[in-house]
Amino acid sequence: METNKKKIVNDPIYGFVSIPDELHFDIIEHPLFQRLRRIKQVSLTNLVYPGANHTRFAHSLGAMHLMRKAIQLLNDKGHAISKEELEAASLAILLHDSGHGPFSHTLESSIVEGISHEDLSLLMMEKFNRIHGGRLDLAIEVFKGQYQKGFLGKLISSQLDVDRIDYLKRDSFFTGVAEGNVNAERLLDMMEVVGNDLAIEAKGIYSVESFLVSRRIMYWQVYMHKTVLSAEYMLREILKRARLISKERLLPATPALTYFLRHEGPFTASDDMDELLTAFGQLDDYDVMTAVKLWSSDTDFVLRELCQRLIDRRLFRIEMSQEPFESAYKDEILQGIAKFYGISMYDASFMLLQGVSSNHAYHPGKPAINILYKDGSIRDISEVSAELHLDVLTQPTVRHFICYPKELRVRQ
């Protein structure tokens, strides 16, 4: 019996999203893509915003929808984009996040050391290309930014692309942070192609300004919310401790997670990429959280304590500062942890978490958001914005932070 492969998905952000053809359908139905249903888009953000349980799967479909709409609008403006190029760009954005592992960015370097999610996405695309007899050759070229029509690559990855438009709009919706919402329709309508590059018509400058402000708000109010940072760094430390213990004894975990826990050092070109991809394709949030639940009764005190706290949402206190914390203060906390729990200073180091969070709302060192004027001239958004102090938004906002058990009493 023949399957109807032209499906329509009801998306809460855009309404009906069409799966355009058989190739898209077959890729979406493949287990490697279905895995994205089991990976949260915004990691542990649901510990702060309970509605934030949406997935990389939904985001990928949404980004594909925006890509196809953007290309249709550019075609209508007289820019010749063939059906083959539309298909390539559509497949490239559909698979752009296929290399994300459990809890997305949180565990990117904790599980698969030495390989970025972008590189893993490319490996995924190459695998799909082999499955479908080379039909993704052009999609891979577009994804890598090597295709002659460079603006197609910019729609996938730039400072104003369909990926960012979708995740800001989607994450704003599911967290309930209304200030992060962006006007996707207006941004797409204002897109133009000039000299093989992407630009925004000058009458859309206020929409771009709103987009940049929304991005800044979402980073500090959602993605780098202090409680989210505490939870994410606790999860990283859990994996770090588990990897250490796995060198001495076998921890209970799924085969896929065990494979990565016991792998020595970063992955390199000498590793079996097919073996890696097979294991990675079986790995998702469920593997990690099942392990965390199992390890919450482990004999190792530090691993057990961290897991129990994460499960019960007894998260570490977090302190943030614009300046690095003094070594004497961190030593005081470390000694306090060791004394409070009766553990060694080394073990206590797994319960004093340290990091630096930073963000550019608009990065001056990356390809610009171009503003197109009626006379054909092009200017960088940072040079022409009248309403915003973009000189402030182009500067990185840096915050140092430390996390430690709330039970510990240190000076405030």
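The values are calculated or read from the model by the stated rules, or taken from the named source; none is laboratory data. It should be emphasised that the depicted structure is a prediction, and the values quoted were computed from it without experimental measurement. All Cβ positions, even for glycine, are placed from backbone atoms using ideal geometry, and neighbour counts span all protein chains on display.
List of remarks:
Conditions tested, residue by residue: (1) within 27 Å of ALA279 (Cα to Cα); (2) out of contact with any helix residue (DSSP H, G or I) (no Cβ under 7 Å at 6 or more places or on another chain); (3) of a type in the set (Gly, Ala, Ser); (4) free of Cβ contacts under 8 Å to residues at least 24 places away in the same chain.
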site: MET125; (1), (2), (3), (4): yes, no, no, no
site: PHE128; (1), (2), (3), (4): yes, no, no, no
site: HIS132; (1), (2), (3), (4): yes, no, no, no
site: ALA139; (1), (2), (3), (4): yes, no, yes, no
site: LYS149; (1), (2), (3), (4): no, no, no, no
site: LEU155; (1), (2), (3), (4): no, no, no, no
site: SER158; (1), (2), (3), (4): no, yes, yes, no
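- ILE371 meets the conditions (1) of a type outside the set (D, E, K, R); (2) in a strand (DSSP E or B); (3) within 25 Å of the chain's Cα centre (by Cα) in every case but one. The failed one is (3).
- Of all residues in segment 334-366 being among the charged types (D, E, K, R) and not in a loop (DSSP other than H, G, I, E, B), the one that is nearest to ALA231 (Cα to Cα): ASP347
- Across segment 1-42, the qualifying residues are those that are touching a Gly at 6+ places or on another chain (Cβ under 9 Å) and among the β-branched types (Val, Ile, Thr), and the one among them that is farthest from GLU87 (Cα to Cα) is ILE39.
- Restricting attention to segment 79-123, the residues that are over 18 Å from PHE267 (Cβ atoms), charged (D, E, K, R) and touching a residue at least 40 places away in the same chain (Cβ under 8 Å) total 4.
- Some residue of segment 166-181 being in a loop (DSSP other than H, G, I, E, B), farther than 30 Å from SER210 by Cβ and assigned by TED's automatic domain parsing to the domain that holds PHE33: no
- Hey, GLU248 part of a loop (DSSP other than H, G, I, E, B), of a type in the set (Asp, Glu) and out of contact with any strand residue (DSSP E or B) (no Cβ under 9 Å at 6 or more places or on another chain) or not: yes
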